[in-house]
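Participant: Before I ask anything, here is the structure I am working with.
The values are calculated or read from the model by the stated rules, or taken from the named source; none is laboratory data. Every value quoted in this text rests on a predicted model; they were computed, and no experiment measured them. Cβ: placed from backbone, ideal geometry, glycine included. Neighbour counts: every protein chain shown.
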Amino acid sequence: MWRGSINEIERTREVIRVERGTPQVGTLAFGIVDRGTNIIEVRPTSLCPLSCIYCSVNAGPRSTNRWAEFVDDLDTLLAALEEVVRFKGTNDVEVHIDGMGEPGVYPYLTQLIRGIKSINGVSTVSMQTRLYMFTEEELRELAQAGLDRINLSIDTLNPELAKKISGASWYDVNHVKELVLQALELGINVIASPVWLPGINDNDIVEIIKWAREVGLGRNKLSPVLIQKYIPHKRGRKARVRVMTWQEFWERIKRLEGELNVKLTATNEELNIHKAPKLPKPYKVNEEVKVRIISRGILRGEFLGVILPLSNTAIFDRVITVLANPTMEKILIGNQVRVRVIENDDNIYIGKLV
């Protein structure tokens, strides 16, 4: 059972419940990520019961480099999100629930979706998920709360191969297919987003496309399937496959479109993605800042800190990942230190002790 996998994680690494009032911008582990468009990423948890063979963030029970997981505070996350949506100044914000784990296991997911949908300026609530963790009743509750679209992570329809790719003997892709049908009946749009693993699921990609078109994925003029290219990440879990070049990948996509007579790409215009004001970067690279260390970070050798002083607004308050020797844990957590900012791309802050 998937809950058993969560229990296994809780036995082997620290699961941190983010304290109320913690800044929600600055880390990939939880909170809000803004990339300067009308799409706002919301990350409620880093937990994941699966150990997919290609996982770019090395999530799940088989993770070899994580020493902490995060479950965000619902009220703090919603309050910060409302500020960020207001800052965007547009009425077509899409809030996309995703993360360094499986957002579907967040214990307050229904309340999160309902709260997001009540924010003025939010037009769409979408979620990246493998879907397997829901019952039919839970899925109905998500629909009633306002979930508009599911971006479905599904890499094969073959039950045995699905178990192998997901790294979980209990994973049931047939249950996922049943939930997809129910989601469509409930008015939730679904788009399949498989990862193409050359030599492993080549034929399965074709079967997914045929299935997606047959059952009616990709409503509202959206493509039923948007295929992802497998990209090995430095700290991720590596699949033993030959990595396609981008040119080869797009040539294969174009060939499939012709052979199957189905659109497999989407423009930003079709996805209603456009530029919108980007959150300011209050701290520059090489700037020294005062930081209160609050916990471990998600990866071993990382700690999470709050940059001081706080201004009590999500627009300017930031958390920062501080790189340090893991043996310094007892010295660092709960204390204030000086940190030099070494990265701030997309307002994701990383620093080193001064």
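Participant: Considering only residues of region 139-162 that are of a type in the set (D, E, K, R) and within 20 Å of the chain's Cα centre (by Cα), which is nearest to Lys210 (Cα to Cα)?
Facilitator: Per the criteria, the residue is Asp155.
Participant: If we keep just the residues of region 55-91 that are polar (S, T, N, Q) and modelled with pLDDT of 95 or more, which is nearest to Gly301 (Cα to Cα)?
Facilitator: Just the residues of region 55-91 that are polar (S, T, N, Q), to begin with: 56, 58, 63-65, 76, 90-91.
Now restrict to residues that are modelled with pLDDT of 95 or more: 76, 90-91.
Numbers: Thr76: 26, Thr90: 39, Asn91: 41 Å.
Looking at the filtered set, the residue picked out is Thr76.
Participant: Is it true that some residue in region 19-40 is at pLDDT below 95, not hydrophobic (A, V, I, L, M, F, W, C) and not in a loop (DSSP other than H, G, I, E, B)?
Facilitator: Within region 19-40, none of the residues are at pLDDT below 95, not hydrophobic (A, V, I, L, M, F, W, C) and not in a loop (DSSP other than H, G, I, E, B).
Participant: Taking the stated definitions as given, is Leu139 within 19 Å of Asn189 (Cβ to Cβ), assigned to a helix (DSSP H, G or I) and of a type outside the set (Gly, Ala, Ser)?
Facilitator: Considered against the rule, which asks whether it is within 19 Å of Asn189 (Cβ to Cβ), assigned to a helix (DSSP H, G or I) and of a type outside the set (Gly, Ala, Ser), Leu139 comes out as yes.
Participant: Please verify whether Ser169 is surrounded by fewer than 18 Cβ atoms within 10 Å (Cβ to Cβ), free of Cβ contacts under 8 Å to residues at least 60 places away in the same chain and in contact with a Lys or Arg (Cβ under 7 Å, 6 or more places away or on another chain), treating the condition exactly as stated.
Facilitator: Taking the combined requirement at face value, the residue satisfies it.
Participant: Oh, and also: Of all residues being of a type in the set (A, V, I, L, M) and assigned to a helix (DSSP H, G or I) in region 234-269, which is farthest from Tyr54 (Cα to Cα)? Just the residue, please.
Facilitator: Leu260
Participant: Which condition from (1) part of a loop (DSSP other than H, G, I, E, B); (2) more than 23 Å from Thr22 (Cβ to Cβ) is the one that Ser126 breaks?
Facilitator: The one condition Ser126 does not meet is (1).
Participant: Related question: Specify which of the listed residues (Arg86, Arg17) is among the basic types (Lys, Arg), surrounded by fewer than 20 Cβ atoms within 10 Å (Cβ to Cβ) and within 25 Å of Asn268 (Cα to Cα).
Facilitator: Values: Arg17 fails: within 25 Å of Asn268 (Cα to Cα).
Answer to the selection: Arg86.
Participant: Could you pull out the residue among Arg20, Arg35, Arg43 that is in contact with a Ser or Thr (Cβ under 8 Å, 6 or more places away or on another chain) and either assigned by TED's automatic domain parsing to the domain that holds Lys229 or free of Cβ contacts under 8 Å to residues at least 60 places away in the same chain (or both)?
Facilitator: Arg20 is the lone residue from the list that is in contact with a Ser or Thr (Cβ under 8 Å, 6 or more places away or on another chain) and either assigned by TED's automatic domain parsing to the domain that holds Lys229 or free of Cβ contacts under 8 Å to residues at least 60 places away in the same chain (or both).
Participant: Of the conditions (1) crowded, with 23+ Cβ neighbours inside 10 Å; (2) assigned to a helix (DSSP H, G or I), Ile150 satisfies every one except a single condition; which number is it?
Facilitator: Failed condition: (2).
Participant: Take Ile227 and decide whether it is modelled with pLDDT of 95 or more and not assigned by TED's automatic domain parsing to the domain that holds Ala59.
Facilitator: Criteria not met by Ile227.
Participant: Go through region 75-95 and count every residue that is among the acidic types (Asp, Glu), within 12 Å of His274 (Cα to Cα) and more than 18 Å from the chain's Cα centre (by Cα).
Facilitator: 1
Participant: Can you tell me which of Ser51, Ser56 is assigned to a loop (DSSP other than H, G, I, E, B) and either assigned by TED's automatic domain parsing to the domain that holds Ile294 or closer than 21 Å to Leu304 by Cβ (or both)? Give the derivation first.
Facilitator: On the way: Ser51 fails: either assigned by TED's automatic domain parsing to the domain that holds Ile294 or closer than 21 Å to Leu304 by Cβ (or both).
The unique qualifying residue is Ser56.
Participant: Considering only residues that are of a type in the set (Lys, Arg) and touching a strand residue (DSSP E or B) at 6+ places or on another chain (Cβ under 9 Å), which ones fall in region 322-348?
Facilitator: Arg338, Arg340
Participant: Of the conditions (1) assigned to a helix (DSSP H, G or I); (2) in contact (Cβ under 8 Å) with a residue 60 or more places away in the chain; (3) under 29 Å from Ala79 (Cβ atoms), Lys164 satisfies every one except a single condition; which number is it?
Facilitator: Single failed check for Lys164: (3).
Participant: I would also like to ask the following. Scan region 325-354 and report the pairs whose first residue is crowded, with 16+ Cβ neighbours inside 10 Å and whose second residue is of a type in the set (Asp, Glu) and outside any helix (DSSP H, G or I), with Cβ atoms within less than 6 Å and a gap of 6+ or a chain change.
Facilitator: If the second residue must be of a type in the set (Asp, Glu) and outside any helix (DSSP H, G or I), the pairs left are Val341/Glu287; Ile350/Glu343.
Participant: If you take the residues of region 288-324 that are free of Cβ contacts under 8 Å to residues at least 60 places away in the same chain and under 17 Å from Arg13 (Cβ atoms), which of them is surrounded by the most Cβ atoms within 10 Å (Cβ to Cβ)?
Facilitator: Looking at residues that are free of Cβ contacts under 8 Å to residues at least 60 places away in the same chain and under 17 Å from Arg13 (Cβ atoms), I get Phe303.
Participant: Would you mention how many residues in region 292-349 are basic (Lys, Arg), closer than 21 Å to Thr76 by Cβ and under 23 Å from the mean Cα position of the chain (by Cα)?
Facilitator: Going through region 292-349 one residue at a time, the tally reaches 2.
Participant: Of all residues in region 64-79, which are buried (at least 24 other Cβ atoms within 10 Å of the Cβ) and either small (Gly, Ala, Ser) or under 30 Å from Asn120 (Cβ atoms) (or both)?
Facilitator: Phe70, Asp72, Leu77 - these are the residues of region 64-79 that are buried (at least 24 other Cβ atoms within 10 Å of the Cβ) and either small (Gly, Ala, Ser) or under 30 Å from Asn120 (Cβ atoms) (or both).
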